[in-house]
Structures are given as structure tokens and as C-alpha cells.
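J.: Here it is, the structure, as C-alpha cells.
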Amino acid sequence: MKTAVKIIVGIVALLAVAAIVLSFFEAYFVKEVPEEAVAVASEAPAPPKAQEPAPEPEPEPMPIPDPEPLPIAKNENLPLSVLAPTTTMSFEELVGDNGIYHEEFTIPPSPSTDTYMLVVDEYHQLAIAYKRDENGEYTIPVRYMPTTTGARSSPTIKGTFNMRENYVRYGLFSCGVYGQYWRQITRAFYFHSLLYSRRNANTYTSSYNKLGTRASAGCVRMYVPDARWIFYNCAPGTLVTIQRGDSDDTQTAAIKAQLMYPERPDDRPGLQPGKIPVTDAWPGWQGDAYDAYLATLPAQPETQPDED
């Protein structure tokens, strides 16, 4: 009995000593975290996860400018025969060749860059050349010119451009046809005459019948005298606006309705370069500027351009 009591007393003593040691350890080695800190830690957001960088947004394409039609000032003193001289011309003059080829590599000096502005209306297939009014605005028409712009599958570029430097007097297109009086609008878009199968005005094509419709590969075709007018008058830097046009533009429609031209004859007339009457006054300069220019050139050969 005495032995059992001693064992129990020893166990109690050991437990008491263990309790004292544990209290000492917690007091000196375990730091208590306040409840407020625990609460704050539990509410703290998790650190953000790494993300792939957002892709750069695709830039929005620039809209194609479509300028409003320019106002056309009334000019009681200029009849249609002056504003649209091609309406008084023969078929031969509209498709012909004046036989002057010195401009193959150089042309006479043009009026200053700001003399004219050209506006091409795609809907009405009409180009109008304007000069400045007393306020410096391009509102006074000086020439009406029927056009053939790009077919729907090869549309003519739209917008406002400063004409570029390239020009060709009588050139070959990549598709194997020829045109007279190329003047560059921008890039591969040009003003030029109707088309020929060879470098010879006698070989005019059905492009004559397509004047006034959309049928080109993107260039702006014209009757020969109109293309020649631009060739001589519109220097690099001249403003050109090409716009879609509007069916509600009754003013332009009324002008277009007055422009009547001879039909293509069934039999081809003989067209000899330089022998076709030219009734169109050269580029709108005053006086005899063109005659004075021609007087400085050597005599013209009695031949037509080489046929390629």
C-alpha cells in the first residue's frame, strides 16, 4: 500500500514539474499574435497573379475621304461651248493626235500649281476644272470634261491629292494598249485619253463608247482634247478631288445632261497625226504662249509615232 502511494505522489510531482517547464517555454519562446492582426491578415487580398500582356489593339482603318461637291458659281458670260469645248468637236478631233511629240520627254512650263483644282465626280462621270474666285476659293468652273473612271472591280481611288510628277505623251499600258497625255494623280492612277490598240490614233478602241461610264482599270480616261488640256495646264501639285458623287446632286446632273457627243462611225476615218483640225485653244493661257513655245522647237517630222 505504501509503495502505491509513493508511485502516485511521484507521478503528480512529475506532472507539476512538466507544467512549470511548459509555462516557462511559452513565456519566453512563443509570441502571441493579437486577434486584430489575425483578422486583418485573413481579409488581405491575395497577391495578383501574373497575366499575359494584353495584345495591342488593331488600329482602325482610316476612312476614305468623300468630300462634298464643290459649289459651282454661275458665270453668265461663258456658254457651254466654252466650258465644254469638246461638245463642238468632230469625232476625229475627239480621238485624234496632233502630231506633236516633243512632250515625250519634256513639256512646256505649266501655269502655277494653284491655278486650277480638278474635281472628278464618279456618280456623274464628270470632271470639272475650277479656278479661284475673289475669296481665293475654287468655285469658278472653267472646263467640263466627261470621264471614264474605274470599273466596280477596279475602282478609282477616292480623296484629295496633289498631282504627282510623272507624265507620258503617248504610252503603253501593261495590258498592251496605248493612251495619250498621261498625267499622274497619285501612285498608279492617271488622267489620260481613251485607248488605242497601237501607238496610232487610227487604232482607237471601243473605249470611245465607254466615256461616261465606269470601265477603266482605275485611271480617269477622257477625250483626247480634255486629257491634253490637263496635260498642259495642271502642274505637279495641282489639287485633285475624286469623290463618289450623289444622285441628288441635280446641278451636276444638269451639266452632264447637256454634254452631247458624236457617235463612233461605222467606218474608221483616216486619221493622220498633225492633219486633224484642232479647234481647242491650247491650255487656257492668254495670248500666243503655245505658238511661241512651238517656234522654239525644231521642225516636226512628217511621220506618226512608231507602231509597237
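J.: Keeping all protein chains in position, work out how much accessible area Glu104 exposes to a 1.4 Å probe, and write it in Å² to the nearest 10.
T.: Surface accessible to solvent at Glu104 totals approximately 40 Å².
J.: Check Thr147: other-chain or 5+ apart residues with amide H under 5 Å from its amide H, H built from backbone geometry?
T.: The list, which skips near neighbours in sequence, is Leu126, Ala127, Gly212.
J.: When the Karplus curve 6.51 cos²θ - 1.76 cosθ + 1.60 is applied with θ = phi - 60°, which whole-Hz ³J(HN,Hα) does each residue of the stretch 141-157 get, with x for Gly and Pro?
T.: Each residue's phi maps through the Karplus curve to give x, 10, 7, 9, 9, x, 9, 10, 9, x, 4, 4, 7, 9, x, 6, 4 Hz.
J.: Another question, if that's okay. Taking H placed 1.01 Å from N in the peptide plane, check which residues at least 5 places from Ile185 or on another chain put their amide H under 5 Å from its amide H.
T.: Arg164, Tyr190, Phe191
J.: I've got another one for you. What net charge do the residues around Lys131 carry, taking every other residue with its C-beta under 12 Å from that of Lys131, with Lys and Arg at +1 and Asp and Glu at -1?
T.: Value of the local net charge: -2.
J.: Using the Cβ atoms and a cut-off under 11 Å, what net charge is assigned to the surroundings of Pro262, where Lys and Arg are +1 and Asp and Glu are -1?
T.: Surrounding charge for Pro262 is -2.
J.: Report ³J(HN,Hα) in whole Hz for each residue of the stretch 166-179, in order, from the Karplus equation J = 6.51 cos²θ - 1.76 cosθ + 1.60 where θ = phi - 60°; Gly and Pro get x.
T.: Once θ is set to phi - 60°, the couplings for the stretch 166-179 become 6, 8, 9, 6, 8, x, 9, 8, 5, 7, x, 10, 10, x Hz.
The values are calculated or read from the model by the stated rules, or taken from the named source; none is laboratory data. Predicted model only: the values in this text are computed from it and were never measured. In this analysis, Cβ positions are derived from the backbone assuming ideal geometry, glycine residues included, and neighbour counts consider all displayed protein chains. Only protein heavy atoms, including side chains, enter the accessible area calculation; ligands, DNA and RNA are left aside. Shrake-Rupley method; radii C 1.70, N 1.55, O 1.52, S 1.80 Å.
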